[in-house]
Amino acid sequence: MEQPGYYLATLRANAPLMQNITNKVAQNIAANVQLAAGASPAMVDNRAESAPFAQLADALSINIGTPDPETAGAMMDAAQVMNDRGCPWVLDPVGVGITGYRRDLAARLVALRPTVIRGNASEILTLVGAEAAASGVDSGDTVEAAEGAARELALRTGKVVAVTGPVDHVTDGTRAILVENGHPLMPKVTALGCALSALVAAFLVRQPPLEATVAALAYYGLAGERAGAGAAGPGSFQVRFLDALHAITPEDLNAGAKVRA
Amino acid sequence: MEQPGYYLATLRANAPLMQNITNKVAQNIAANVQLAAGASPAMVDNRAESAPFAQLADALSINIGTPDPETAGAMMDAAQVMNDRGCPWVLDPVGVGITGYRRDLAARLVALRPTVIRGNASEILTLVGAEAAASGVDSGDTVEAAEGAARELALRTGKVVAVTGPVDHVTDGTRAILVENGHPLMPKVTALGCALSALVAAFLVRQPPLEATVAALAYYGLAGERAGAGAAGPGSFQVRFLDALHAITPEDLNAGAKVRA
Amino acid sequence: MEQPGYYLATLRANAPLMQNITNKVAQNIAANVQLAAGASPAMVDNRAESAPFAQLADALSINIGTPDPETAGAMMDAAQVMNDRGCPWVLDPVGVGITGYRRDLAARLVALRPTVIRGNASEILTLVGAEAAASGVDSGDTVEAAEGAARELALRTGKVVAVTGPVDHVTDGTRAILVENGHPLMPKVTALGCALSALVAAFLVRQPPLEATVAALAYYGLAGERAGAGAAGPGSFQVRFLDALHAITPEDLNAGAKVRA
């Protein structure tokens, strides 16, 4: 297994073209996170362009945070194209438990077997039909409580599932890896989880999904640690976070990643 | 009447679940303001989910800044549910005078009797059918000039109306309270008024509307004062403003609020 | 020809009312850029309001970054009104080459002869039917390679075309002016190009288009230079950039503009 810095260096060398279909809150920060990391983001989320653009993109991120009929159709179309092309895509099931509409949309996307599903603990529990204690889009469950659900979901899709929180849990159903980087101010900035899913997609391009996901999570958490040191609150944290994503080198990441099996 | 800090402490203790149906510009900053204050925001603004989610939310904010058929329908549905459940909701009639479409939409929402209507002076004047001198979404009238309109509107809805500007005016039609906190850079950051309306909604949860609104305005203005001291312009102001919302304690608010009847 | 500062001073004196129909990523930053410069932005992009509001606005900016049927219809309607009224408008053909849908929409807008078309080199090449090497919304071509295309496009519309990049090229088909202000971090912040197009529209109000566009580009690039000096990355750059737009005086602009024929 390569060290995390390898995946960051590869992303920066290739500047992958990213298609993002995300929610209204995350549009700007998700693009800025991908740019700061070294990818080339495009937010192509209408039904007329989604499938044609998916023919060009290196990877796709889908986030169901503020779905409407136009973007929901675009999600299904783009995911199908990525599957046909053998290209990676990430599903972020934001707030999947809050309505039946969202559960149905997420179920249809899960059935297309996303390369990586990244969610908080309550979202992953909901996806496998377990009881969850979410409050809106925030998790009410611990990452530990969702480990079994993550494994079950990964076995069902045959792909990778990442549950993020104070300690992230990544599994392909057989192996499980923990990532301990991060900072308590991260959940105080809106859409940082959404932007992380978009970043994971950029790390997946032509890489093994489990390892690339772990690298993305460690990089993101390390940027959070750097941003948090000296931040006066969530406003300055977000500024410093983008600076840190841009500044962290592959060597920094290898030295700072807190990854364990 | 409780001191303003009481309402901030209550908000933080309860972390209310907020439904926000807001404009495209305000999505990110409104969520970040609610998070920095201590609430749990969700931007659920499509017609399929709006009413079901309103069954779960503690309060609702509606902002007509960039309406379209999908979100306008979601607004009406969610407001009706909040009324049925006896839960509070805020209407922000952004730029209500600019088109007949917007006047009609606002009129239909006002007819549902929002717990609080918060707008600038031109918007409040327009809502009662008076002459207003708005330029787009910016007010061309003084808060003082809209005091009569605010009283009239509050008597018509039987609820609370807040006119914000250099000095804010809050009334339930009988009582009127002025809030003098604030900073001149606040109108130089887009959507800070929109985000304030979302914040007011979070303060309203299980509290008396007039007092809770006054507390929200004082808290917001105090954060503006703190942010403005040392800001180099609207960019650094916004960063410092989110930091200040997060840092201000109930005691700080009691000491810094400039409220008078 | 007036110096660039003249156009900035005029903008600030008049605080023009701007209609912006832009993409989901750029909504907030485009409004903040216009506010920091001294304009009064409104994001009116639905079909019901677009034409009526265009009757009131001093200028219009159109950006095709995340089009959908609702906003695409609003674009056509508003542009037609501005033409009927003799008011200026700007087209930003974001990522025009990525799909046939976008090429068609851009072609219909170009046929309405925008006062200024501002794009990156690949976008301008695509608009005249030349080969372009774009990756998504990022340019894969140099500004120099698009100079002929810019001239051709300007002659076709009878208006102004601006190709932006490390050195910007502005032409009305006869004259060509170069603007050398700018900073390498600018493309690392999402939607700064989109926001620039919105800013150009504000400079055009009752001014000669070529000269006003040059002034807007020099002002924007100068703000980038100020922001870049001392920025730790794209996060702090964006903050400092908005501060600089707000702080730069007409005299600063006259002293710092790097413009040559």
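The values are calculated or read from the model by the stated rules, or taken from the named source; none is laboratory data. Quick caveat, the model's predicted, so the values are computed rather than measured. Note: ideal-geometry Cβ built from the backbone for every residue, glycine included; neighbour counts use all protein chains shown. Remember, those area values only see protein heavy atoms, side chains included, never the ligands or the DNA or RNA. Shrake-Rupley method; radii C 1.70, N 1.55, O 1.52, S 1.80 Å.
Give, rounded to the nearest 20 debye, the magnitude of the charge dipole that chain B has about its Cα centre when Lys and Arg contribute +1 at Cβ and Asp and Glu contribute -1 at Cβ.
For chain B, the charge dipole is close to 160 debye.
Apply 1/(1 + (r/R0)^6) to the Cβ-Cβ distance of A:Gln55 and A:Ala247, taking R0 = 30 Å, and write down the FRET efficiency to the nearest 0.05.
Taking R0 as 30 Å, the efficiency between A:Gln55 and A:Ala247 is 0.30.
Estimate the FRET efficiency between C:Arg260 and A:Ala13 by the formula 1/(1 + (r/R0)^6), using the beta-carbon distance for r and 45 Å for R0, to the nearest 0.05.
Calculated value: 0.80.
Mind listing the label-point distances from A:Gly148 to the same position on all other copies, shortest first, one decimal in nm, points 7 Å along Cα→Cβ?
6.9, 6.9
May I ask you to order A:89-101, B:65-77 by the average number of other C-beta atoms within 10 Å around their residues, highest value first?
Ranking, from highest mean packing down: A:89-101, B:65-77.
To the nearest 20 Debye, how big is the dipole of the protein assembly as shown about its Cα centre, given +1 on the beta carbon of each Lys and Arg and -1 on that of each Asp and Glu?
Taking the Cα centre of the protein assembly as shown as origin, the dipole is about 120 debye.
For the protein assembly as shown, with the dipole built from +1 on Lys and Arg beta-carbon atoms and -1 on Asp and Glu ones, taken about the Cα centre, which of B:Val94, C:Leu245, B:Pro187 lies farthest toward the positive end?
Working it through, the farthest residue towards the positive pole turns out to be B:Val94.
In whole angstrom, how far apart do the alpha carbon centroids of segment A:19-82 and segment B:215-254 sit?
Here the two parts' Cα centres lie 35 Å apart.
Please compute, for peptide A:97-104, the average count of beta-carbon atoms on other protein chains lying within 10 Å of each residue's beta-carbon.
Shielding by partners across A:97-104 averages 5.
About its Cα centre, what dipole magnitude does segment B:27-146 give when the only charges are +1 on Lys and Arg Cβ and -1 on Asp and Glu Cβ, stated in debye to the nearest 20?
Dipole of segment B:27-146, to the nearest 20 debye: 220 debye.
Is any helix in chain B, taking whole DSSP H runs, at least 18 angstrom long along its axis by alpha carbon and on average at least -1.0 on the Kyte-Doolittle scale, and which ones?
B:69-85, B:209-228, B:234-247
Rounded to two decimals, what ratio of Rg to Rh does segment B:135-208 give with C-alpha atoms and a Kirkwood Rh?
The Rg/Rh ratio comes out at 0.96.
Out of the DSSP beta bridges found with both residues in chain C, what percent are antiparallel (nearest 5)?
35
Could you tell me which residue out of B:Tyr6, B:Thr174, B:Gly235 lies farthest along the dipole of segment B:4-260 toward its positive end? Charges go on the beta carbon: Lys and Arg +1, Asp and Glu -1, centred on the Cα centre.
Selected residue: B:Tyr6.
For peptide C:58-69, what's the mean number of Cβ atoms from other chains within 10 Å of each residue's Cβ?
Per residue, the average neighbour count from other chains is 3.
Around B:Val160, with a cut-off of 13 angstrom between Cβ atoms, what is the net charge of the other residues, counting Lys and Arg +1 and Asp and Glu -1?
Its environment carries a net charge of +3.
With a cut-off of 8 Å between alpha carbons and a minimum separation of six or more residues, what is the relative contact order of segment A:4-260 in percent?
About 22 percent, as a whole number.
Distance in nm between label sites at A:Met1 and A:Arg85, each 7 Å beyond Cα in the beta-carbon direction?
2.9
For the pair C:Glu144 and B:Ala130, how long in nm is the line joining their label points, each one 7 Å along Cα→Cβ?
In this crude spin-label approximation the distance works out to 6.3 nm.
Between A:Arg206 and A:Ala176, take the C-beta separation as r, use R0 = 25 Å, and let me know the FRET efficiency to the nearest 0.05.
0.55
Treating the point 7 Å from Cα along Cα-beta-carbon as the label, what are the nm separations from A:Ala232 to the other copies, to one decimal?
1.3, 1.3
Computed over the Cα atoms of chain A, what is the convex hull's projected area averaged over all directions, in nm²?
11.8
As a check on your grasp of the helix formula, calculate [θ] at 222 nm for chain C: sum -39500 (n - 2.57) over DSSP H runs of n ≥ 4, divide by the residue count, round to the nearest 500.
Result for chain C, helices only: -15000 deg cm²/dmol.
How far apart are the C:Ala13 label points across copies, placing each 7 Å from Cα toward Cβ, in nm, shortest first?
Counterpart label points of C:Ala13 in the remaining copies fall at 5.8, 5.8 nm.
Once ligands and nucleic acids are excluded and a 1.4 Å probe is used, how much of B:Glu180 is accessible, expressed in Å² to the nearest 10?
B:Glu180 has an accessible surface of roughly 70 Å² with all protein chains in place.
If the elastic network links every pair of Cα atoms under 10 Å, which of A:Ile177, A:Ile64, A:Ile21 fluctuates the most in the Gaussian network model of chain A?
Result for chain A, Cα springs under 10 Å: A:Ile177 fluctuates most.
Using only alpha carbon positions, build the gyration tensor of the protein assembly as shown, then give the equivalent ellipsoid semi-axes as the square roots of 5 times its eigenvalues, largest first, whole angstrom.
35, 35, 24
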